[in-house]
Amino acid sequence: MIPYGKQIIDDDDVNAVIEALKSPLITQGPIVKQFENALASYCGVKHAVAVNSGTAALHIACLALGIGKGDLVWVSPITFVASANCALYCGADVDFVDIDYETGNMSAVALKKKLCTSTRLPKAIIVVHLAGLPADMEEISNLARHYGIKIIEDACHALGARYKNTITGDCTYSDITVFSFHPVKAITTAEGGMAVTNDLNLANKMRIYGCHGITRDSSLMDDRYEGDWYYEQQYLGYNYRMPEINAALGLSQLKHLDQWVKTRNDYADFYFEKLSNCSIELPAKLNDRYCAYHLFILKVAPEKRKQIFDKLKKASIGVNVHYIPVYHQPYYQKNRKYAPLLNTEKFYQKIITVPLCPAITLDELNYVSYEVKNALT
Ligand SMILES: *Cc1c(COP(=O)(O)O)cnc(C)c1O
């Protein structure tokens, strides 16, 4: 099976992990800090908080923004369920904003319309950069700022992407940006995630929420310091800490990031060339942004989608559908009645993800292209 996404681990990665494993601290040591600093510096953002998954990063982001019971959060519906679950973890209600049909990203037009017609406004919106293509962040952040709404960028697909003259993760257009280091993502720590922000207060809160709600930093405490043993639990937090072993892998992987994103772009170009002039809609290309190509999503005729999917699967191609609209999920359906969103439905009926990652070869891409064309007939 040619996987839709898969990690690359080299000897340097293996050695970095072994070294971390042999060091006195295998969790909560200096490498986590180094990884945080390296990622913050890559993105051009002030603060980074490493945690043990992208989902945990989304959760502490919501908590730090004060999202709780009685609050509403609007999310992009074409995404992994974690993008919306994080708001439910906090006791908030979730609703969805329709997408742009071309990109699958939250539509600024739909957002504007929903803001103008809703009686209840969200405290925050969570914007996903689907497949690694940055959403229309300038328009979206202008709208959100006008209404005093916070923005979380779910950039789990978009490490290494660029938008206008910004790097995804520099938080020019958001309060917090979140990354995942799951093995299918741009770089991996096995499981892991990072939340980044330019706001020191949010960074401190996220760090505390990811560590039981506890701080040992006396500057963040009330003046009840009792001695060097003293720590303070300020919130109900979680143990979301990233171990040193995983951070060592992440730090080593980060060296390859630019090259891997470049390879993903080269592979995407290959698909664009091979799959043009057939009855497929190819991913949107926008010249004011650099896509990280976490995924390569094709659109085919809805009535043929299942047949094409099954044929490709039979040809040992790791096809996928990214994603089932989150509000289709039974858990969401039973919580609340969600009306179907027009572009989201139209997009979902057509999509198939074909393999694209630096771990596969040009020969494999060629084979996939051939089989895709074959499956159309
Ligand atoms: C992978 C992913 C997540 C969750 O990340 P984990 O590290 O697996 O918890 C959240 N949102 C999106 C869009 C993702 O692709």
Inset, instruction - Please enumerate the residues belonging to segment 62-93 that are within 16 Å of the ligand (Cβ to nearest atom) and surrounded by fewer than 23 Cβ atoms within 10 Å (Cβ to Cβ). - result: PHE80, VAL81, ALA82, ASN85, LEU88, TYR89, CYS90
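Report whether or not ILE308 is of a type in the set (Val, Ile, Thr), over 24 Å from the mean Cα position of the chain (by Cα) and part of a helix (DSSP H, G or I).
Values: of a type in the set (Val, Ile, Thr): yes; over 24 Å from the mean Cα position of the chain (by Cα): yes; part of a helix (DSSP H, G or I): yes.
Against the criterion (of a type in the set (Val, Ile, Thr), over 24 Å from the mean Cα position of the chain (by Cα) and part of a helix (DSSP H, G or I)), ILE308 qualifies.
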Legend entry - Filter result (in a strand (DSSP E or B) and within 10 Å of the ligand (Cβ to nearest atom)) within segment 175-193: VAL178, PHE179, SER180, GLY193
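Any idea how many residues of segment 255-297 are in a loop (DSSP other than H, G, I, E, B), under 23 Å from the mean Cα position of the chain (by Cα) and not aromatic (Phe, Trp, Tyr)?
First, pick out the residues of segment 255-297 that are in a loop (DSSP other than H, G, I, E, B): 255-256, 275-280, 282-288, 291-295.
This time we only want the ones that are under 23 Å from the mean Cα position of the chain (by Cα), so: 255-256, 282-288, 291-295.
This time we only want the ones that are not aromatic (Phe, Trp, Tyr), so: 255-256, 282-288, 291-292, 294-295.
Adding up the residues that qualify gives 13.
Which of the residues belonging to segment 141-158 are within 16 Å of the ligand (Cβ to nearest atom) and either more than 19 Å from LEU295 (Cβ to Cβ) or aromatic (Phe, Trp, Tyr) (or both)? Reasoning before the result, please.
Quick first cut of segment 141-158, residues within 16 Å of the ligand (Cβ to nearest atom) only: 151-158.
Correct list: ILE151, ILE152.
Working carefully through the options ILE208, ILE125, ILE99, find the one that is over 21 Å from LEU295 (Cβ atoms), over 12 Å from the mean Cα position of the chain (by Cα) and within 16 Å of the ligand (Cβ to nearest atom).
Answer to the check: ILE125.
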Legend entry - Of residues in segment 34-53 being among the β-branched types (Val, Ile, Thr) and within 16 Å of the ligand (Cβ to nearest atom), the one nearest to GLU191 (Cα to Cα): VAL51
Legend entry - Selected residue (only one of ILE317, ILE351, ILE360 is more than 19 Å from LYS6 (Cα to Cα) and either of a type outside the set (D, E, K, R) or modelled with pLDDT under 95 (or both)): ILE351
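I'm trying to understand the selection: among the residues of segment 144-171, which are outside any loop (DSSP other than H, G, I, E, B) and either over 19 Å from VAL49 (Cβ atoms) or over 15 Å from the mean Cα position of the chain (by Cα) (or both)? Can you show your working first?
So in segment 144-171, the residues outside any loop (DSSP other than H, G, I, E, B) come out as 144-147, 150-154, 162-163, 166-167.
Correct list: ALA144, ARG145, HIS146, TYR147, LYS150, ARG162, TYR163, THR166.
The values are calculated or read from the model by the stated rules, or taken from the named source; none is laboratory data. Computed from a prediction, not measured in an experiment: that's the story for all the values here. Backbone-built Cβ (ideal geometry, glycine too); neighbour counts: all protein chains shown.
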